[in-house]
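Working notes for the structure below.
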Amino acid sequence: MRTLRTVAELRAALAQPRRERRRIGLVPTMGAFHGGHLSLMRRAREECDEVVVSLFVNPTQFDEDADLADYPRDEGRDAMLAAEEHVDYLFAPAVPDIYPDGFSTSVSVGGVTEALEGASRGRKHFDGVATVVNKLFHIVVADIAYFGQKDAQQVAMIRRMVRDLDIGVEIEVCPIQREADGLAMSSRNVRLSPQGRLQAPALYRSLNTAASLLAAGESRTTAIRSAALAELDAAGIRTEYFEIVNPETFVPTTSVEGPALAVVAARVGDVRLIDNQPL
Ligand code: AMP
């Protein structure tokens, strides 16, 4: 595996494989790898000839300075794990390589970004993600890009952006990887206190509560939502939102008729966690 630091280096490395029409896969990440990241790399390795993993803690998508400052970083460990997954290129640029002096462009996707994460974290978050992912798509020009269902609204936004801007990349979404007790794997989990780690699986339980109620014939969102919120309250977790939404538009539903997605965001101590489950 080669670690590349600049856009020019990565482009040069990919020139030959591209001429040979080799299939290029991109896995965008912010590092601090866990099983979720590794599952994306494995899928890319199975399906592509060249696997590029980007590792960039994108400052523009953070809505809280403390979250950016405390974001776990360990490039040495990440490089080792990526090499074990037979990744070909680790693209780990510095901030000025991605945002050089004078950088003034922002990509903003409307509609699907407005509620939930967009409302909780502010416009800046999804604009930051859309802009950096767009840049990565242009830098790598991958055939397939891999994202996790864990960030479901982000995936919906990226699909929208790819359609709207006619970006020639296929988007593949990989299932949520979980710890044994159901907690969705996340780079932020290492920041949970021992007590927080015990409370955190309540997010997953709240999603299961919603799924069981629906399976038992309850279709009113208000009833499902209050049972899920009770589960989170009982664990002493501060819920930011629990909603049942249309999986494409992310508009909340009042009654579950067709395909729906239960989504939750909550703070466990000062760590913000999200999770979701199709219903
Ligand atoms: P991040 O480094 O948190 O920006 O995540 C990089 C990619 O890994 C994103 O596409 C995430 O959706 C995905 N990802 C994060 N956590 C998980 C998980 N538990 N299961 C599957 N994919 C995940």
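Every read-out reported here was derived from the displayed coordinates using simple, explicitly stated rules and does not represent laboratory data. This structure is a prediction, so every number in the text was calculated from the model and none was measured. Here the Cβ is made from the backbone with ideal geometry for all residues, glycine too, and neighbour counts use every protein chain on show.
Along region 174-187 the Karplus relation, 6.51 cos²θ - 1.76 cosθ + 1.60 evaluated at θ = phi - 60°, assigns HN-Hα couplings of 9, x, 5, 8, 10, 6, 4, 8, x, 4, 5, 4, 7, 4 Hz to successive residues, with x for each Gly and Pro.
Across the alpha-carbon atoms of region 129-279, the computed radius of gyration and Dmax are 16.7, 49 angstrom.
With N denoting the number of residues in region 40-124, provide Rg(C-alpha) divided by 2.2 N^0.38 Å, to two decimal places.
Dividing the Cα radius of gyration by 2.2 N^0.38 Å gives 1.35.
Distances between placed amide hydrogens fall under 5 Å for Val107 paired with Thr131, all partners being 5 or more residues away or on another chain.
Each Cα pair under 8 Å and six or more residues apart adds its separation to the average, and for the chain the resulting relative contact order is 17 percent. When each of the peptides 102-111, 23-32, 264-273 is scored by how many other beta carbons lie within 10 Å of its residues on average, the order from highest to lowest is 23-32, 264-273, 102-111. Plainly put, the chain has a radius of gyration that is 0.97 times its Kirkwood radius, both from alpha-carbon atoms, as the Rg/Rh ratio. Computed from backbone phi, the HN-Hα couplings of region 146-157 come to 10, 9, x, 5, 3, 9, 4, 6, 4, 4, 4, 5 Hz, rounded to whole numbers (Karplus: 6.51 cos²θ - 1.76 cosθ + 1.60, θ = phi - 60°; Gly and Pro given as x). Taking only the C-alpha atoms of region 87-207, the Rg (one decimal) and the largest Cα-Cα distance, Dmax (whole number), read 16.6, 47 Å. Across Gly118, Gly76, Gly128, mean-square fluctuation computed from a Gaussian network of the chain (C-alpha pairs under 10 Å connected) peaks at Gly76.
Annotation: amide H-H contacts under 5 Å for Met30 (H modelled 1.01 Å from N, sequence separation of 5 or more, or interchain): Phe56.
When only Cα pairs below 8 angstrom with a gap of at least 6 residues are kept, region 196-270 shows a relative contact order of 34 percent.
Residues whose amide H falls under 5 Å from that of Ser255, counting only those 5 or more places apart or on a different chain, are Thr221, with hydrogens built in the peptide plane.
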